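Taking it in order: structure first as structure tokens, then the write-up.
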Amino acid sequence: MESKKYVIAMDQGTTSSRAILFNKRGEIQSSQQREFRQIFPKPGWVEHDPMEIWSTQMGVAMEAMQKIDARPEDIAAIGITNQRETTVIWDAATGRPVYNAIVWQCRRTSDIIDRLKSDGLSGYIQEKTGLIPDAYFSASKIAWILRNVPGVKERARRGELRFGTVDSWLIWNLTDGRVHATDYTNASRTMLFDIHKLCWDEEILDYFGIPASLLPEVRPSSSYFGETERFGGAIPICGAAGDQQAALFGQCGFNPGEVKCTYGTGGFMLMNTGRDPIHSQKGLLTTIAAGEEDRVSYALEGSAFIAGAAIQWLRDEMRMIRTSPQSQTYCEAVPDSGGVYIVPAFSGMGAPYWEQYARGTIVGLTRGVSKDHFIRATVESLAYQMNDLLSAMKEESRLSLSTLRVDGGASANNFLMQFQSDISGVHIERPRCIETTALGAAYLAGLRVGYWKDRNEIRSNWACEHEFVPTIAQDYRRKLLKGWKKAVKTAIFWAQEEENDTI
Ligand code: ADP
């Protein structure tokens, strides 16, 4: 391994494909990124062209290598991380997709899920897959392609087709159709995988009419998936994980109770819960964490639909700021939000509330409220939402939590991080490398080939850029949280039309 200089992470996201070459210290040596087309055939439908996913991903990997003159023999391994749940079905003989990729955001299969719920399968699905039935996951998207694309059902029955999440699709292409595989983390987002027995669940497959021959073989996230010759020399593919799980790994969240929180367009929180899966009563999802072994660890996952998107709203619709980072200056211009709470439930509220009809709410306005207060209340709402997820996780896992590791665009906002630390009463660490998703994929691959010896070596790479510690008094924290709860209740009340009628 001494002669190998880099590990490549292929980071196939929802809007762009990226490739990053990391060195042994986990530092970025080269990177390249390309956006690709978002296809919206009808309202609520979202697709990608699988060939474009493949060509942009391959293109950026080649270019990132070229930039620093890296040759295939310099690369120890490839690790893949990807947008999760997005569904591709292709012909095993030609490699040609039978339809566009149906993207995780696509809502076209809501009716399939409604039927599943009225068929009384929700409990079974949650018990086996750890997921709350939703159109978001791959299962109903596969069923839709089988039912709606002419000839596909018959071809699938004859065993001529293959299904994959984006990791499988890339592995298939990288290996010239020799390998049809995925990893535990991606499998655990299909809503077809038994996360306890670690196999595809026959009853769920039957329900959706999905033949087993469509499905990839499932392996640990850090394992040998195959070898690619596409770069003009053999490179092993030794890591694959869904983006959120890869980020938890990149943040070194290896032990029970370790949590990472991503402040991107949406907010994502994952807590490692160790060897025993915890089934949530509060609408958190149970999922498999990325790792090296056949014996998996689990994680609890919660998300807020709107996080950084609320800052974009301040910028693009409210036109109160010109750039997202500017929000910090306004927040720091006032000592508090002036009693204002903004609940950015633009598209309903997720865990732990699950009120899909809730809408954004602003409460507590007085004559003295200024733009500074308004912006501050919006930024604070990111922290309150994350705190709700954190509280639910702490309660359900019964794990004590000392530190929150953060990443994503809005984690750059020091005011937001300090406020999060204050209201959650936790210590926050922001790492030097915030490309934690790509880094996690690189670590998974590099561990398998011995580029990194073990998790301890990886831990020693993790460097803290900034720490935040709680500074506010308990009483004040309680008062702030009470206000938030009341604001959320108002947002939910607004959604309940029938009750409003009786006012
Ligand atoms: P994604 O991967 O979901 O596209 P990113 O991790 O790139 O998102 O984060 C982008 C989001 O972070 C945007 O919504 C942006 O408004 C927000 N953001 C970026 N910098 C800041 C900042 N300094 N303060 C607050 N929000 C920010």
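For this structure, a couple of remarks:
- Dimensionless Rg/Rh of the range 393-442 - Kirkwood Rh, Rg from C-alpha atoms: 1.02
- DSSP beta bridge pairing in the range 169-250, given as percent antiparallel to the nearest 5: 65
- Fraction of beta bridges assigned by DSSP in the range 1-159 that are antiparallel (%, nearest 5): 70
- Three-way shape label, the range 1-73, alpha-carbon gyration tensor, a/c 1.5: prolate
- Magnitude of the charge dipole for the range 291-367, about its Cα centre and with charges confined to Cβ atoms of Lys, Arg (+1) and Asp, Glu (-1), is about 580 debye.
- Compared with the dominant Cα axis of the chain, that is its longest principal axis, helix 371-397 is turned about 60°.
- Rg/Rh (Cα only; Kirkwood hydrodynamic radius) as it applies to the range 1-132: 1.10
- Counting all C-alpha pairs of the range 242-345, share separated by more than 20 Å (%): 51
- Over 24 Å between alpha carbons, listed pairs Lys128/Lys485; Lys394/Lys485; Lys117/Lys282; Lys282/Lys486: Lys128/Lys485
- Rounded to two decimals, the Cα radius of gyration of the range 135-285 over 2.2 N^0.38 Å is 1.14.
- For the range 421-484 versus the range 205-280, the inter-centroid distance based on Cα atoms is 19 Å.
- By the Kirkwood approach, averaging reciprocal distances over each pair of separate Cα atoms, the range 383-482 gets a hydrodynamic radius of 15.2 Å.
- Summed over the residues of the range 343-430 and divided among them, the accessible surface reaches 37 Å² per residue at a probe radius of 1.4 Å.
- Accessible surface calculations at 1.4 Å, restricted to protein heavy atoms, place the range 82-174 at 35 Å² per residue.
- Cα-based helix-to-principal-axis angle, 474-495 vs the chain, degrees rounded to 10: 70
- Accessible-area composition of the range 371-503, carbon plus sulfur, in percent [1.4 Å probe]: 49
- Amide H within-cut-off set for Thr228, under 5 Å, with H built and near neighbours excluded: Ile235, Ile237
- Within the chain, the proportion of Cα pairs with more than 41 Å between them is 19 percent.
- Angle between the chain longest axis and helix 138-148 axis [Cα atoms, degrees, rounded to 10]: 60
- Using Cβ point charges alone (K and R +1, D and E -1), the dipole size of the range 195-291 about the Cα centre works out to roughly 380 debye.
- Helical mean residue ellipticity (222 nm; -39500 (n - 2.57) per DSSP H run of 4+; nearest 500) of the chain: -10500 deg cm²/dmol
- Fraction of antiparallel bridges per DSSP, the chain only, in percent to nearest 5: 70
- Relative contact order computed over the range 1-125 (Cα-Cα under 8 Å; 6+ residues apart), in percent: 27
The values are calculated or read from the model by the stated rules, or taken from the named source; none is laboratory data. Model, not experiment: these values are computed from the prediction. As a convention, Cβ positions derive from the backbone with ideal geometry for all residues, glycine included, and neighbour counts pool all protein chains shown. Keep in mind that these areas ignore ligands, DNA and RNA; they rest on the heavy atoms of the full protein, side chains included. Shrake-Rupley method; radii C 1.70, N 1.55, O 1.52, S 1.80 Å.
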